[in-house]
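Take a look at the structure below.
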């Protein structure tokens, strides 16, 4: 639930739709995998490194 609130806050602050921040599938992957490193985070579907 905290991830959804975080996503909503970011969406509101940037005037974007929540799914443009993270899709539900990405949030589900974060909850399931609980990454603790950047490498693990990059393995979550929907997480991309921005240049």
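The values are calculated or read from the model by the stated rules, or taken from the named source; none is laboratory data. Please read these numbers as outputs of a predicted model, since none were measured by experiment. Methodologically, a virtual Cβ is constructed for each residue, glycine included, from the backbone with ideal geometry; neighbour enumeration extends over all protein chains shown.
Some observations on this one:
- Some residue of the range 26-36 being surrounded by 11 or more Cβ atoms within 10 Å (Cβ to Cβ) and modelled with pLDDT under 95: no
- Residue check, residue 7 without any contact (Cβ under 8 Å) to a residue 60 or more places away in the chain, within 12 Å of the chain's Cα centre (by Cα) and surrounded by fewer than 11 Cβ atoms within 10 Å (Cβ to Cβ): no
- Residue match in the range 7-19 (condition: in contact with a helix residue (DSSP H, G or I) (Cβ under 9 Å, 6 or more places away or on another chain) and in a loop (DSSP other than H, G, I, E, B)): yes
- Inside the range 28-42, residues that are touching a helix residue (DSSP H, G or I) at 6+ places or on another chain (Cβ under 7 Å) and in a loop (DSSP other than H, G, I, E, B) make up a count of 1.
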